[in-house]
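The values are calculated or read from the model by the stated rules, or taken from the named source; none is laboratory data. Small disclaimer: the values here were computed from a predicted structure and weren't measured. Every residue, glycine as well, gets a Cβ built from its backbone with ideal geometry; the counts of neighbours run over all protein chains shown.
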Amino acid sequence: MLYDTIGKTYAQTRQSDPRIAAKLLEILEPFQASTIVDIGAGTGSYALYLAEHGYQVLAVEPSTVMRRQAIAHPAVRWIDAKAEQLSLSSHAADVAIIILALHHFPDYSQALQEIHRVTGDGRVVIFTYDPDLISSFWLTEYFPSFIADVQSTFIPIATLTAEIETLMDTAVNIIPFPLPHDLSDSFAAVGWARPELYLEDNIRNGISSFAKLNEDELELGLSKLRRDLETGIWDQKHRYLRKQTHYDAGYRFIYTIT
Ligand SMILES: C[S@@+](CC[C@H](N)C(=O)[O-])C[C@H]1O[C@@H](n2cnc3c(N)ncnc32)[C@H](O)[C@@H]1O
């Protein structure tokens, strides 16, 4: 399990972001659900938020290291299972959510089949990334292998939506989620306007793309970024980003229509 190795300090840097959590609540509202299955729930930051907002949550997470960091809540039941075999009975939940986890599932199609079974008719909300946009993100100037990594791990949005529409026999909505400049869930694009964040070990430790980089590329990229920040080269090219409140890095909510 990758996250048994890289997830040791996940709860510190990957807290739920209130803007993402609020958008999730807004999307869930029309489903009129009472039980949500959170698949690849990690340390449970979004599961906890939903529990605090009245939902019963089944938090499915295969990594012991991640589950152990969860804050307990009476409305969250933790399940040691994988997306491809949920260990839940049919119709156990009203809606499934997958927050920045789908690209980690070895067989996402099987996971969608399981969601169809467990929610009865395949109601799902996914927060993911559009891999077609990775090469336009400035971070890849410093860590070029992010491009191949992201393009080989994230599922193209069109492929994913077509598969959901066919399997669940329903239309799907796709909405962009422009990232706020002060994002509190420190995932890969957290530093779009705050490049200094990528120089912090604890921030990089919570980001799987950094964990997969080879040592040489990491050191080279970090020293170039450090130098470009010191000399002002980064700001000459990208200063406009520091003045923006939001930036569409490529994150998307994809969800079945109720
Ligand atoms: C980037 S974390 C996201 C965690 C959480 N959803 C969040 O947003 O904080 C991805 C999670 O997916 C989990 N994961 C990896 N493979 C999985 C699988 N086959 N089934 C379910 N979860 C899996 C990892 O253990 C990890 O906790």
Requested in this report: Within segment 173-196, track down each residue that is surrounded by fewer than 17 Cβ atoms within 10 Å (Cβ to Cβ) and either β-branched (Val, Ile, Thr) or assigned to a helix (DSSP H, G or I) (or both).
Outcome: 174, 175, 196
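Report yes if some residue within segment 104-111 is touching a Leu at 6+ places or on another chain (Cβ under 6 Å), of a type in the set (A, V, I, L, M) and modelled with pLDDT of 95 or more; otherwise report no. Lay out the reasoning, then the answer.
We begin by selecting, within segment 104-111, every residue touching a Leu at 6+ places or on another chain (Cβ under 6 Å); these are 108.
Okay, now just the ones that are also of a type in the set (A, V, I, L, M), so none.
No, segment 104-111 contains no residue that is touching a Leu at 6+ places or on another chain (Cβ under 6 Å), of a type in the set (A, V, I, L, M) and modelled with pLDDT of 95 or more.
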Query - Failed item, numbered, when residue 215 is tested on (1) loosely packed, with under 14 Cβ neighbours inside 10 Å; (2) touching a helix residue (DSSP H, G or I) at 6+ places or on another chain (Cβ under 7 Å); (3) without any contact (Cβ under 8 Å) to a residue 40 or more places away in the chain; (4) under 22 Å from residue 2 (Cβ atoms) - result: (2)
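So which of 217, 196, 230 is among the acidic types (Asp, Glu), touching a Ser or Thr at 6+ places or on another chain (Cβ under 9 Å) and over 16 Å from residue 9 (Cβ atoms)?
Numbers: 196 fails: touching a Ser or Thr at 6+ places or on another chain (Cβ under 9 Å); 230 fails: touching a Ser or Thr at 6+ places or on another chain (Cβ under 9 Å).
Only one candidate passes the filter, namely 217.
Out of the residues in segment 140-170 meeting the condition of being acidic (Asp, Glu) and in contact (Cβ under 8 Å) with a residue 12 or more places away in the chain, tell me which one is surrounded by the most Cβ atoms within 10 Å (Cβ to Cβ).
Step one: filter segment 140-170 for residues acidic (Asp, Glu), giving 141, 149, 163, 165, 169.
Filter once more, so that each one left must be in contact (Cβ under 8 Å) with a residue 12 or more places away in the chain: 149, 163, 169.
On the way: 149: 18, 163: 15, 169: 11.
By that ranking, first place goes to 149.
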**Report entry** Yes/no for residue 72 being of a type outside the set (Asp, Glu) and within 13 Å of the ligand (Cβ to nearest atom)
**Finding:** no
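How about segment 85-105: which of its residues are farther than 20 Å from residue 11 by Cα and not in a loop (DSSP other than H, G, I, E, B)?
We begin by selecting, within segment 85-105, every residue farther than 20 Å from residue 11 by Cα; these are 85-96, 105.
Scanning segment 85-105 gives 85, 95, 96.
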Query raised in the report: Would a scan of segment 75-84 turn up a residue that is within 18 Å of residue 35 (Cβ to Cβ), without any contact (Cβ under 8 Å) to a residue 60 or more places away in the chain, within 11 Å of the ligand (Cβ to nearest atom) and surrounded by fewer than 22 Cβ atoms within 10 Å (Cβ to Cβ)?
Result: yes
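Looking at this structure, is residue 236 exposed (fewer than 15 other Cβ atoms within 10 Å of the Cβ) and over 30 Å from residue 125 (Cα atoms)? Don't jump to the end; show me each part of the working.
Details: exposed (fewer than 15 other Cβ atoms within 10 Å of the Cβ): yes; over 30 Å from residue 125 (Cα atoms): yes.
When the stated conditions are applied, residue 236 passes them.
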Report summary line: Log entry, pairs with first residue in segment 52-64 being within 18 Å of residue 105 (Cβ to Cβ), second being among the polar types (S, T, N, Q) and within 12 Å of the ligand (Cβ to nearest atom), beta carbons closer than 8 Å, six or more apart or on different chains, reads 60/87
Query raised in the report: Which one of these is more than 10 Å from the ligand (Cβ to nearest atom), of a type outside the set (Phe, Trp, Tyr), in contact with a Lys or Arg (Cβ under 7 Å, 6 or more places away or on another chain) and more than 27 Å from residue 182 (Cβ to Cβ): 58, 88?
Result: 58
Query raised in the report: Which members of segment 33-53 meet the condition of being more than 6 Å from the ligand (Cβ to nearest atom) and surrounded by fewer than 24 Cβ atoms within 10 Å (Cβ to Cβ)?
Result: 33, 34, 35, 48, 49, 51, 52, 53
Query raised in the report: In segment 85-121, what residues are of a type in the set (A, V, I, L, M) and surrounded by fewer than 17 Cβ atoms within 10 Å (Cβ to Cβ)?
Result: 92
Query raised in the report: Does any residue of segment 106-129 turn out to be in a loop (DSSP other than H, G, I, E, B) and within 9 Å of the ligand (Cβ to nearest atom)?
Result: yes
**Report entry** Pairs, first over 19 Å from residue 56 (Cβ atoms) in segment 119-139, second of a type in the set (Ser, Thr, Tyr) and surrounded by fewer than 23 Cβ atoms within 10 Å (Cβ to Cβ), C-beta under 6 Å, six or more apart
**Finding:** 129/251
Query raised in the report: Could you count how many residues in segment 200-233 are among the β-branched types (Val, Ile, Thr) and either under 20 Å from the mean Cα position of the chain (by Cα) or under 20 Å from residue 127 (Cβ atoms) (or both)?
Result: 2
